Protein chains: 2
Amino acid sequence: MAERKRPKPGETREKLMNAALTLVGKGRHFASLGIREVTRQAGVVPTSFYRHFRNMDDLGLQLVDELGLVLRRMMREARANVLQADKLIDESVGIFITHAQNNRAFFMFMAQGLAGESRAVQEGIRSEMRFFASELANDLRRLKLADHLSDADLDLTCDLVVRSVAFSLTDILTISPDDEYQEEQVRKRTARFLQLIFVGAANWKSQP
Amino acid sequence: MAERKRPKPGETREKLMNAALTLVGKGRHFASLGIREVTRQAGVVPTSFYRHFRNMDDLGLQLVDELGLVLRRMMREARANVLQADKLIDESVGIFITHAQNNRAFFMFMAQGLAGESRAVQEGIRSEMRFFASELANDLRRLKLADHLSDADLDLTCDLVVRSVAFSLTDILTISPDDEYQEEQVRKRTARFLQLIFVGAANWKSQP
DNA sequence: CACATTAGTGAACACTTGTACACATCAGTA
DNA sequence: TACTGATGTGTACAAGTGTTCACTAATGTG
């Protein structure tokens, strides 16, 4: 008979989420994935899907949560490694790009989700970005790098930084993962974007 | 018998492209659209599709071309209406947002395409954005607003401006089309982003 | 140990999908 | 006027889709 294996609880769930990510990583768009396709990729029978998710949107939402974990891990690493303020931008961009390369599928999913068809996923990703921006603002305050800015203006600046980096994400994801030259170009350009923004912030006069 | 109407040449093609746009405008993702679905929405028999397009990617590519026209129309209007330099940012952002609202489906398609699954569409949209940025650079040069910047730095600035505006696009498209309050918020925030960037550019020192 | 719960399977359903083929109608041209 | 090419329609089919149902094996709890 067919041998019924007893996987650890949550194993199949994870297999399904990984399968979806794998397909996205191969260039497919999340919105075009079907239940059968995902289960096939996961090596699981279609019905198993419903044991863990209502539908594909549900799976997407749970992916957003995991994405949050990846981002937090990244922030922690950045905070641990960025010691001197003058290398702050280059270091941070470097860490970000490295993470993007190491979690390609995840970040592809994120880039897709920003204009995706599930409102909930969209809102989830936006929420992650807001969190990221506010953490960045905290760090800048703590490092005394933005003392002349009002809270609102610091918030504005950090939002713009996060958006710029997020947009660079789409640059990174379109180049081949091992095209080091192009990666270096994106890295440099992103860093210059941020420098430009910070020069703007440094010369910004917060008006009442 | 079924009356066979003789539409003007290209009429069905247009109907199909509009049908796809309509579906995208309703919140669907372009990557998830099928040939039958589009022809159904267009009120045309499925086989007609192949008279005009190879497949959905092909249709997407032709949509990108039309998107280019929309963008050019927008630029022309902006150039005609922006007279005084001090209102430049606010006016331009206003024109952009108005166009985005009036061509919601088109710009949704653009936002989706940036991380879409067709490499060609992706590249097409990027190319439109590059064109847009280079035109912006020309205008700034012509208006003598960027004399202290090297070509490369001006290019960098304009690229960042275009990216920021493009990102604001995703903000506009998630709010309801007639929520004037939120629209005003996005308008203001986008304008401040650009001011921040231009302050940065004004205080930028181009190094050799 | 018995038993409820959980997480897997396979077969079946009613639809939908992309694509192919043969045919019909018009527009323009020789 | 007759031919040709472009564009439309209808039918057909094999393959794929989401979802339901009844069944089974392992797990944890009383």
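Any read-out appearing in this document is the output of simple, stated calculations on the displayed coordinates, not a laboratory observation. Computed from a prediction, not measured in an experiment: that's the story for all the values here. Glycine also receives a Cβ, built like all others from the backbone with ideal geometry; neighbour counts cover every protein chain displayed.
The table for this structure:
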| quantity | calculated |
| --- | --- |
| The range B:153-208 - convex hull of the alpha-carbon atoms, volume per residue in Å³ | 55 Å³ |
| Chain A: calculated mean residue ellipticity at 222 nm from DSSP helix runs of at least 4, using -39500 (n - 2.57) | -24000 deg cm²/dmol |
| Proxy reagent accessibility, fewest Cβ within 10 Å first, across A:Phe107, B:Phe198 | B:Phe198, A:Phe107 |
| Sorted by Cβ neighbour density within 10 Å, fewest at the top, the residues A:Ser32, A:Ser206 | A:Ser206, A:Ser32 |
| For B:Leu145, inter-copy label distances in nm, listed shortest first [label point 7 Å out on the Cα-Cβ vector] | 2.9 |
| Dipole of the range B:1-106, positive end: most advanced residue of B:Phe96, B:Ala19, B:Gly68 [Cβ charges, Cα centre] | B:Ala19 |
| For the B-to-A rotation axis, chain B residue with nearest beta carbon and its distance in angstrom | B:Gly200, 1 |
| P(r), alpha carbons of the range A:9-53 - 10 Å bins starting at zero, rounded % | 31, 58, 11 |
| Charge context of A:His29, other residues only, Cβ under 13 angstrom, K/R +1, D/E -1 | 0 |
| Cut-off 14 Å between beta-carbons: net charge of the residues surrounding A:Val38, Lys and Arg +1, Asp and Glu -1 | +4 |
| Unit Cα scatterers, Debye sum, the protein assembly as shown: log10 I(q)/I(0) for q = 0.09 Å⁻¹ | -0.61 |
| Gaussian network model of chain A, springs between alpha carbon atoms under 10 Å - residue of A:Asp58, A:Asp155, A:Asp147 with greatest fluctuation | A:Asp147 |
| Charge tally in the Cβ shell below 14 Å around B:Ala85, where Lys, Arg are +1 and Asp, Glu are -1, B:Ala85 excluded | 0 |
| Three principal axis lengths of the range B:63-202 [C-alpha, angstrom, descending] | 40, 37, 25 |
| Cβ-based exposure ranking for B:Thr174, A:Thr190, A:Thr39, in which fewest neighbours within 10 Å come first | B:Thr174, A:Thr39, A:Thr190 |
| Pseudo-label separations to other copies for A:Ile35 - Cα-to-Cβ vector, 7 Å, nm | 2.6 |
| B:Gln185-B:Glu14 FRET efficiency (beta carbon distance; Förster radius 45 Å; 0.05 resolution) | 0.80 |
| Reach of B:Lys15 by Cα under 17 Å, taken over aspartates and glutamates that are not fewer than 8 positions away in the same chain | B:Glu37, B:Asp57, B:Asp58, B:Asp65, B:Glu66 |
| The range B:13-56 versus the range A:102-160: alpha-carbon centroid distance in Å | 35 Å |
| Choice from A:Leu160, A:Leu21, A:Leu83 with maximal GNM fluctuation in chain A (Cα, 10 Å cutoff) | A:Leu83 |
| Distance violations [Cα-Cα > 25 Å] among B:Lys87/B:Lys144; A:Lys205/B:Lys87; A:Lys144/B:Lys144 | A:Lys144/B:Lys144 |
